[in-house]
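Below: the structure, in structure tokens.
FYI, it's all coordinate maths here, none of it is from the lab. Keep in mind it's a predicted model, so treat the numbers as computed, not measured. With ideal geometry, Cβ positions are generated from the backbone for all residues, glycine too; neighbour counts draw on all protein chains shown.
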2 protein chains.
Amino acid sequence: MAATRTTEREPLSRDRVLAAAAALADAEGLPAVTMRRLAADLGVEAMSLYHHLPGKGGLLDGLVETVIVEIEAELARSRPATEDTDGTDGTDWRDDVRRRCLSARTVMVRHPWAPGLISSRPTIPPAAYGYYEALLGSMIRGGLTYHLGHRALHSLGSMALGFAQEVFSPADSGGDLDPEAAEAEFAALAEVLPYMAAMAAAEMHDADDPTLGWCDSQSEFEFTLDLILDGLARANESPTQAR
Amino acid sequence: MAATRTTEREPLSRDRVLAAAAALADAEGLPAVTMRRLAADLGVEAMSLYHHLPGKGGLLDGLVETVIVEIEAELARSRPATEDTDGTDGTDWRDDVRRRCLSARTVMVRHPWAPGLISSRPTIPPAAYGYYEALLGSMIRGGLTYHLGHRALHSLGSMALGFAQEVFSPADSGGDLDPEAAEAEFAALAEVLPYMAAMAAAEMHDADDPTLGWCDSQSEFEFTLDLILDGLARANESPTQAR
DNA sequence: ACCTGAACACCGTTCAAGT
DNA sequence: ACCTGAACACCGTTCAAGT
């Protein structure tokens with residue numbers, strides 16, 4: 001009842017499974033999405049799903065992926081369809097960041113289970129990195145320093161993807177693997193996420209202890225907190241609280 | 001190994017169960033906290049727990065409760081031990097709100113599972129209401145309007161309890177129960193949460209459709225987003241980015 | 001009153017077997 | 001290649017029984 005069963009014998013695919021899972025989560029909440037129930041909705045046995053997905057974890061990662069794809073589709077819809085490259089043109093960073101966050105919110109309202117799911121995943125899905133790369137890119141091109149861009153990513157936290165979590169846990173920046181492997185991984189990352197890599201490099205250069213201290217989450221927290229408190233205090237003084 | 005087994009036969013109590021659950025979550029993560037495993041840590045059978053807690057949900061609610069108690073303890077520790085009533089004195093609202101959020105963060109760092117747990121609970125734990133009431137109270141006494149106080153609660157969202165969720169879902173303000181029961185509930189709420197009740201009343205009075213529109217989460221979202229974007233733009237212009 | 005054992009209806013997942 | 005049935009090791013919870 002929850003998922004549209006389409007015909008009766010469509011050959012099952014990763015996309016079809018993910019679509020059914022999203023529909024089920026929309027209709028009955030994420031806890032209802034079990035391998036057995038999902039299979040039943042698809043008119044198939046639970047174990048069949050394992051031919052298209054690596055398991056429950058892979059299913060949840062796939063759900064996150066589809067959510068991010070939806071955000072990007074929403075963003076494209078909200079944008080004048082003129083330019084097709086990533087605009088280094090006159091669009092200012094505030095507009096772009098704002099539109100991205102509003103697109104994310106539109107999708108999160110559509111799928112209320114998404115923020116919780118994203119924040120509960122033990123690993124950050126690769127698609128999310130691309131999303132943050134785009135966000136950072138438009139700020140850097142807009143003239144922000146990497147330092148401020150970094151703080152901005154933290155501050156925007158829950159606005160950008162509906163969850164407030166450290167984007168980079170310390171372990172992510174190559175702490176517990178041997179140096180050469182870490183460097184290779186970083187180089188590979190730099191190719192697909194140039195802005196993120198440049199940001200990490202710039203911040204590591206400035207930090208007292210590059211390997212540990214490049215992202216001081218306590219001061220990021222206080223920066224965001226004061227940003228909000230400053231804004232509230234300003235709103236309190238000026239009577240321009242246009243309802 | 002995860003929980004301190006203290007002696008061998010201490011008579012088990014709600015508090016002892018909750019403490020063991022928190023210790024287990026700290027040591028091995030929230031997924032490790034199952035009724036059976038928790039009972040084993042306590043040297044008891046799973047079903048014994050039901051004599052002290054109403055079930056798994058009650059256990060999780062209890063965990064949230066202990067986290068909020070810890071935040072309040074942390075707050076007391078961070079505050080000069082002079083005044084013991086809630087200070088209507090010269091302390092300004094920014095200091096108070098800031099200290100509350102920093103206390104919350106201290107506790108969240110200690111219990112990384114807490115933000116996810118709080119945001120995953122289907123119902124907002126009563127203790128959290130008290131926390132928000134205190135937050136709102138110090139802002140109102142500091143001179144903020146109820147409207148701005150309301151927005152502030154939304155904006156502070158994840159800073160205040162580590163999660164970014166609507167504090168009041170529409171259902172909470174008595175939508176689906178009959179009017180007289182809703183009014184009685186509201187009166188009961190007003191007694192223990194006067195600031196929150198006054199805020200809801202003030203906002204309902206201004207709204208176009210009081211029953212539905214008193215909390216427009218879309219405009220709250222945009223307010224917070226613009227608050228952050230304004231702050232970032234300002235930080236970008238002034239070179240006072242004191243590292 | 002507090003604790004227990006067996007049982008029930010669920011999970012995710014493995015594995016050998018079908019087609 | 002894709003799907004399946006039976007089985008395994010887990011869940012939370014009920015219920016009658018112990019002390």
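Using a label point 7 Å beyond Cα on the Cα-Cβ vector, give me the inter-copy distances for residue A:11 in nanometres, one decimal, shortest first.
Distances to the matching label points in the other copies: 6.9 nm.
Need one value for B:103-114: mean number of C-beta atoms belonging to other chains within 10 Å of its residues' C-beta atoms.
1
Run the label-point distances for residue B:217 please: 7 Å along Cα to Cβ, every other copy, nanometres, shortest first.
2.6
Listing B:64, B:109 from the residue with the fewest other Cβ atoms within 10 Å to the one with the most, what is the order?
Ascending Cβ contact count within 10 Å gives the list B:109, B:64.
Using only atoms on other chains, find how many Cβ atoms lie within 10 Å of each Cβ of peptide A:143-155 and report the average.
Mean partner shielding for this stretch: 3.
Quick check: pseudo-label points 7 Å beyond the Cα along Cα→Cβ at residue A:187 and residue A:106, how many nm apart are they?
Placing both labels 7 Å beyond Cα along the Cβ direction yields 4.1 nm.
What is the fewest-to-most order of B:101, A:215 by other Cβ atoms lying within 10 Å of their Cβ?
Listing B:101, A:215 from fewest to most nearby Cβ atoms yields A:215, B:101.
Got the residue B:186 label distances to the other copies yet, label 7 Å along Cα→Cβ, in nm, shortest first?
Nearest first, the other copies' label points are 5.9 nm away.
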